[in-house]
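Since the structure comes first, as structure tokens, the remarks are kept for the end.
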Amino acid sequence: MSTTPQAPAPGALPDAKVAMGWMHTARFLTTAAQLHQLPAIEVPEIAFVGRSNAGKSTCINTLAQQRQLAFASKKPGRTQHINLFALGKQGVMDAVLADLPGYGYAAVSRSDKQRWQQVMANYLVSRKSLSGIVLLCDPRLGLTELDEALLEVVRPRVEQGLKFLVLLTKADKLTRSEQAKALSITRLNAGGGEVRMFSALKKQGVDEVAQLLWQWAHPAVDGES
């Protein structure tokens, strides 16, 4: 007779089934073209950021085990809205995922690029409910100049306790030795954040990332062990 895994105490690392079950509750909440259009959120908010071709939407869909939760455009850089997804059992919202527009794609006009870079910078600096950032990066390219600019923007908040993860996507395109090298190099440049390999195709790192995000969204309360 199988038993349902029990939710762990806040701050503890959950069983993979608990974390993946929690991620599967993700549902669309709202979309906004400007920061002032975003609703005030009282629960932890975790933002996914990265270059337009880094695989953000695919990553979110893989974690949520839903094929079309996050819109994956065939033309990178076309999505220019912040999309929020609620997490939690029916009638309950205990965390929010934010899918931010991809940056750095050449087909987008210079003025659009500058506008969105400013919107994203303002979001990352001022969004009160933001408690964690997942930066997606193609390990074959490494951290680009734009990625490093983003790291500089969030560094003060990371130093104040904001959770930060660099996710090296498309890991299936690298050999094991290439993965190990990419991890080592990125850890040196990640500014204190965690670094993980991820492959939507091979499901590499999926359970571990879901567990980490659950832990971020359910921090231990002061006074708890």
(message) Suppose a student asked you for the relative contact order of the stretch 16-217, using Cα pairs under 8 Å spaced at least 6 residues apart; what percent would you report?
(response) 25
(request) Specify the residue with the greatest mean-square fluctuation among 92, 206, 195, computed from a Gaussian network of the chain linking alpha-carbon atoms under 10 Å apart. (result) 92
(message) Given a 10 angstrom Cα cut-off, can you work out which residue in 53, 122, 83 is the most mobile in a GNM of the chain?
(response) 122
(request) Take the Cα coordinates of the chain, assign each an equal point scatterer, and use the Debye formula without solvent to give log10 I(q)/I(0) at q = 0.09, 0.11, 0.13 Å⁻¹. (result) -0.34, -0.52, -0.74
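Classify the stretch 141-193: rounded, prolate or oblate, from the alpha-carbon gyration tensor (a ≥ b ≥ c, eigenvalue square roots; a/c under 1.5 rounded; otherwise prolate if a/b is larger than b/c)? Could you put the intermediate results ahead of the total?
Details: a/c = 2.61, a/b = 2.04, b/c = 1.28.
Cα axes put the stretch 141-193 in the prolate bin.
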(request) Once you have the Cα-Cα distance between residue 92 and residue 80, take 0.36 nm times their residue separation minus that, and quote the gain in nm to one decimal. (result) 1.5 nm
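Among 36, 218, which comes first, second and so on when ranked by fewest other beta-carbon atoms within 10 Å?
36, 218
With each run of n ≥ 4 DSSP H residues scored as -39500 (n - 2.57), what mean residue ellipticity at 222 nm is computed for the chain after dividing by its residue count and rounding to the nearest 500 deg cm²/dmol?
Numbers: 6 runs with 75 residues, N = 225.
Roughly -10500 deg cm²/dmol at 222 nm, from the helical runs in the chain.
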(request) For residue 188 paired with residue 71, estimate the spin-label separation in nm (one decimal), with each label point 7 Å from Cα along the Cα-to-Cβ line. (result) 4.0
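Quick one: of the DSSP bridges fully inside the chain, what percent are antiparallel, nearest 5?
Antiparallel: roughly 35 percent of the beta bridges in the chain.
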(message) To the nearest 20 Debye, how big is the dipole of the chain about its Cα centre, given +1 on the beta carbon of each Lys and Arg and -1 on that of each Asp and Glu?
(response) 880
(request) Taking only Cα atoms and a 10 Å spring cutoff, compute GNM fluctuations for the chain and point out the largest among 109, 52, 129. (result) 109
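Given axes a ≥ b ≥ c from the Cα gyration tensor, I'd like to know whether the stretch 163-225 is rounded (a/c under 1.5), prolate (a/b larger than b/c) or oblate.
Numbers: a/c = 3.51, a/b = 1.71, b/c = 2.05.
Cα axes put the stretch 163-225 in the oblate bin.
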(message) I'd like to know which of 90, 156, 216 lies farthest towards the positive end of the charge dipole of the stretch 16-217, counting +1 on Cβ of Lys and Arg and -1 on Cβ of Asp and Glu.
(response) 90
(message) What does the charge count around residue 178 come to, taking other residues whose C-beta lies under 13 Å from its C-beta (Lys +1, Arg +1, Asp -1, Glu -1)?
(response) +3
(message) Would the stretch 18-98 count as rounded, prolate or oblate if I go by the C-alpha gyration tensor, calling it rounded below 1.5 in a/c and otherwise prolate when a/b exceeds b/c, oblate otherwise?
(response) oblate
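Values quoted throughout were computed directly from the atomic coordinates according to the rules given, and no laboratory measurement underlies them. As the structure is a computational prediction, the values presented were derived from the model and not from experiment. Backbone-built Cβ (ideal geometry, glycine too); neighbour counts: all protein chains shown.
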